[in-house]
Structures are given as structure tokens and as C-alpha cells.
Amino acid sequence: MEVITSQNRKVHLISLGCARNRVDSEVMLGSMLADQWSVTDDAEEADTIIVNTCGFIEAAKEESVQTILEAAEIKKTKPDMKLVVAGCLTQRYKKQLVEGLPEVDLFVGTDEFPQIANFLNEELPQGTVKAKRTHYLYDGSLPKKNTLSASAAYVKVAEGCQHNCAFCIIPAIRGKLRSRPIPNVVQEVKNLADQGVKEINLIAQDLAAYGRDWGESDLLPLLRQLVEIEGIEWIRLLYVYPENISDEFVEFFANHPKICKYLDIPVQHASDEILQKMNRGVTRHDLRQAFTRLRERVPGIAIRTSVMVGFPGETEEQFLELKEFVEEMRFEHLGCFIYSQEEGTVAGRMPNQVPEEVKARRQAEIMELQKELSRENMQKFVGQTLPVLVKGLSEESELLAEGRLSIQAPEVDGVVYINEGDFKPGTIQMVRITEAHDYDLVGKIVD
């Protein structure tokens, strides 16, 4: 087999979808860098373009295909360029993609992507597919390029999911829950701390289920080791299912200063009938109890959630139940998604699919309500002096710096714009909040 040298060649990677997918992209970049490739932000100067796709819902699939087609247009001007399609879309639709996208040189699934540099060193036939189900589990010893910022990083602690939500295709794409060994995660976080990272964002499909596949009861044994790592100042927990939050976990979460008082707890709905059809395993009463307990025991906690409108059979009355619940709970951060009818899911075969225009109207109503709630919540910070993790100059204006409070997660929540003072990127500085907007804050550095 002929081997092609990759030295001095350039790769451009486009990562779509969730933060878990982003970690896969970082592993692919690490693989390429270890094989002497360099990374370029300019797709037109690349020798290889990698599109790491999302295949979760229809809108994500459309975005992925459109991105692939745009990359294929660039490839037309450079016949020797390689186009690689990786990730969930490949794993889910490999046969259809090979037939429909002849421009693509290589398709790589959700288990074999760490070998991407090796694949590109081989002379493979056009349209080769590498998407075997190997039950891959990310290993922290793999080369990986942090792409979030110099001071913050995502750490994925598990692959797959043990839930069987009626609307979700993730278990079919990613497989069942597979948790990383604690020493492996700890070593990765230590390495990130050595690189100057201050904030660790732990991610999984359900963080609270971490370790259950090998007999652990929850995330606490891991957290107890992570909080001892010198240099790490913030540890954020993303995607925690409400039924798995124990009293012991809440006690530790409330009292350890390194744990950000922030939880991302997806609820999806608040109608008992819809929750049951979704196979969520909780009731509206369970959700209210969980959030009430967290508010009481963790003063100042910020809760992010995600809800879904337009699930099959959702009536106007059931939608209003959800809207009333959002208003009652007053979540600090919320995303509202339109249900997508996906083949291969239980919900995709259900009758009484909701018209698209009704879904869109319901989503707009929820987000308008959330904007009002967020604006009211943001006002309480005006006049306070709070620690902010400073990222650097803002993309909005060179006259502003940008950072985040510990109750603002990267990429999905608002930010703090800094318009006065000597800011130091990559550090946590005290900022006096002077203005509040719908989702963002404005402030100045104070000594």
C-alpha cells in the first residue's frame, strides 16, 4: 500500500452539532497535528476539509448536507483536495451518503474517527466508508487540540446513552452508555490545568449516569478527585437528568467552591401525558420537586433547561402546561426545540404529528417568554461585583473585551462585555456589572 507523506499539509475542520461532537473534532485535530499536519481557518487553502456532522434532527441534517456541498464546491477548484465527512450523519446514513455524495473521498463514523490521520495516509478508493461499530470509548491519552479557548475546555466523560427517549436517535448512533475510568479523566484534566485551563466543562449524554455501566452510583467519586487538581478553578456540569440527582450529590454540589453553581437539566416537557409518551421517566411533580430542592439547597444556582414543542399529539392545553411551567420555574437559561419526526424512533411512528406552523408558533411563544424572564433575571446583577473568566477581545467589537460568569456556560448562554479596565485574557477578574440586557451583561474591571 502506497503511503503519502502528510508533512506540511493543511487541514480545515468544520465541527457541527453539540459540544460532545466538538470533542470528537478536537480528537481528530489532535490526530492530524500528531501526524505533522497543520490547521488552517481558511478552507480554500486546505489540502483536506473535514466536516464533522450532526445527524440528530432534520434541521441539523440539512445543515450538515449544505456544509458538505459548500466544501465540495471548494474542492472543484482543487482536484487534489480531500473531502472527509465524519460523525453522526455518516454513522446513521452511510449507504445513502455514499450514493448521494460522490464528491466525498472518505466517510468516517462515530467510532473510527480517532484513526483519521492513518486513513488519510492510505490510498483509499473514492467514497471509502470507515464506520464500524466498535463501542469506542474516548481515551484521555489520545492527542487532542482544545478549541474552546486558552482558559476553558470540554471534557467528555462518557459515550452513548442508557435512556430510551421516544424522540431520540442518539442510542442508535452512539450506542449504550460507556463511562471512562476515573484515573483517565483525572489525568486529562491535570494535563489541561498544566496548559493554563481554568474552567472544565464536563459533558456526557447524562452526566448523572456516569459510572453506572460499571457499578458506580453517581458522579461524586470523580468530582472529589477533580476538585483537588491545582489550577482548575471552575468545574461545570452539563446535561444532568433530573431523576439521577441524589441528596449526596446536591450536598457536595452546594458546598464545594470549585463547582459552578450551574446545572443543565433537560426537561423536554411539563405535561404528564407528553412526558409519558416521550418515555422520560418523570412527572411534572417530580420535576417541580427537583428544581425546588435545588433552589432551596443551592442559593444563587443557575439552571439551564431544554424543552420541546410539537411532540406528536401535543394539544394546545398541553403546550400551555409547558408554558406555565416555564413561567413558574423561571429558568435562568432555556432553549426551546421544535420536535423533529425522525425515522428509527418510536415517536417518528406515532400518529397525530403536529403541523410545522403550529410548532413554530409555539416555539416563538416559549422563547419570547424566556426573553422576558431572562431580562428580569439579568437586572439583579447590576451593581454587583462578580468574578468573570475573561476570554479576550470580543468578536462584537475591538472596543470590548468579553468573559463569562460562572453561571454562564460557553457557547450557549450570554456573556459579560467589559468596556473599561485592564483585562487579562485567561484569568478570572472581578467585574462590576453596570448594565443588563436580555441575555448579556456589561461591566468594568475593578481592582
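The values are calculated or read from the model by the stated rules, or taken from the named source; none is laboratory data. Because the structure is a prediction, the values reported are computed rather than measured. Cβ: placed from backbone, ideal geometry, glycine included. Neighbour counts: every protein chain shown. In case anyone asks, the SASA skips ligands and DNA or RNA and just uses the protein heavy atoms, side chains included. Shrake-Rupley method; radii C 1.70, N 1.55, O 1.52, S 1.80 Å.
Per-structure values
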| read-out | value |
| --- | --- |
| The one condition in (1) part of a loop (DSSP other than H, G, I, E, B); (2) surrounded by 19 or more Cβ atoms within 10 Å (Cβ to Cβ); (3) not polar (S, T, N, Q) that GLU230 fails to fulfil | (2) |
| Selection from the stretch 335-358 of residues that are part of a loop (DSSP other than H, G, I, E, B) and either under 26 Å from the mean Cα position of the chain (by Cα) or on the phi > 0 side of the Ramachandran plot (or both) | TYR339, SER340, GLN341, GLU342, GLU343, GLY344, THR345, VAL346, ASN352 |
| Test for VAL104: is it buried (at least 20 other Cβ atoms within 10 Å of the Cβ) and in a loop (DSSP other than H, G, I, E, B) | yes |
| Filter pass, MET329 being hydrophobic (A, V, I, L, M, F, W, C) and either within 22 Å of ILE407 (Cα to Cα) or modelled with pLDDT under 95 (or both) | yes |
| Qualifying residue in the stretch 33-51 (condition: under 22 Å from ALA204 (Cα atoms) and of a type outside the set (Asp, Glu)) | yes |
| Breaking point among (1) open to solvent by 60 Å² or more (accessible area, probe 1.4 Å); (2) more than 24 Å from SER406 (Cβ to Cβ), for ILE338 | (1) |
| Selection count where residues are open to solvent by 10 Å² or more (accessible area, probe 1.4 Å), small (Gly, Ala, Ser) and closer than 17 Å to THR110 by Cα, scope the stretch 30-81 | 2 |
| Positions within the stretch 300-311 being part of a loop (DSSP other than H, G, I, E, B), small (Gly, Ala, Ser) and farther than 11 Å from HIS269 by Cβ, in sequence order | GLY300 |
| Test for LEU97: is it at pLDDT below 95 and crowded, with 19+ Cβ neighbours inside 10 Å | yes |
| Of all residues making up the stretch 275-299, the number that are touching a residue at least 12 places away in the same chain (Cβ under 8 Å), touching a Leu at 6+ places or on another chain (Cβ under 8 Å) and among the β-branched types (Val, Ile, Thr) | 1 |
| Tabulated pairs, the stretch 340-354, first of a type in the set (Lys, Arg), second open to solvent by 70 Å² or more (accessible area, probe 1.4 Å) and part of a loop (DSSP other than H, G, I, E, B), C-beta under 6 angstrom, 6+ apart or interchain | none |
| Hits in the stretch 341-352 - residues which are within 14 Å of VAL309 (Cα to Cα) and either of a type in the set (D, E, K, R) or open to solvent by less than 60 Å² (accessible area, probe 1.4 Å) (or both) | ALA347 |
| Residue match in the stretch 233-241 (condition: surrounded by fewer than 17 Cβ atoms within 10 Å (Cβ to Cβ) and touching a residue at least 12 places away in the same chain (Cβ under 8 Å)) | no |
| Residue tally, condition surrounded by 21 or more Cβ atoms within 10 Å (Cβ to Cβ) and β-branched (Val, Ile, Thr), over the stretch 274-311 | 5 |
| Odd one out for GLU368, checked against (1) within 25 Å of the chain's Cα centre (by Cα); (2) assigned to a strand (DSSP E or B) | (2) |
| Qualifying residue in the stretch 367-379 (condition: in contact with a Leu (Cβ under 6 Å, 6 or more places away or on another chain), modelled with pLDDT under 95, farther than 26 Å from ILE170 by Cα and open to solvent by less than 80 Å² (accessible area, probe 1.4 Å)) | no |
| Residue that is farthest from VAL23 (Cα to Cα), among those in the stretch 41-92 that are touching a residue at least 24 places away in the same chain (Cβ under 8 Å) and of a type in the set (S, T, N, Q) | THR77 |
| Some residue of the stretch 312-334 being more than 15 Å from HIS269 (Cβ to Cβ), within 25 Å of the chain's Cα centre (by Cα) and open to solvent by 30 Å² or more (accessible area, probe 1.4 Å) | yes |
| Of all residues making up the stretch 420-439, the number that are modelled with pLDDT under 95 and part of a strand (DSSP E or B) | 1 |
| Pair list, Cβ < 6 Å and 6+ apart or interchain, from the stretch 242-261 residues that are closer than 16 Å to ILE203 by Cα to residues that are surrounded by fewer than 18 Cβ atoms within 10 Å (Cβ to Cβ) | LYS261/GLY300 |
| Condition broken by LEU263, with the remaining ones in (1) within 18 Å of LEU373 (Cβ to Cβ); (2) under 23 Å from the mean Cα position of the chain (by Cα); (3) at pLDDT below 95 satisfied | (3) |
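Residue-by-condition table, conditions (1) farther than 20 Å from ARG236 by Cβ; (2) out of contact with any helix residue (DSSP H, G or I) (no Cβ under 9 Å at 6 or more places or on another chain); (3) modelled with pLDDT of 90 or more; (4) of a type in the set (D, E, K, R):
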{"residue": "GLU112", "(1), (2), (3), (4)": "yes, no, yes, yes"}
{"residue": "LEU124", "(1), (2), (3), (4)": "yes, yes, yes, no"}
{"residue": "HIS135", "(1), (2), (3), (4)": "yes, yes, no, no"}
{"residue": "GLY175", "(1), (2), (3), (4)": "yes, yes, no, no"}
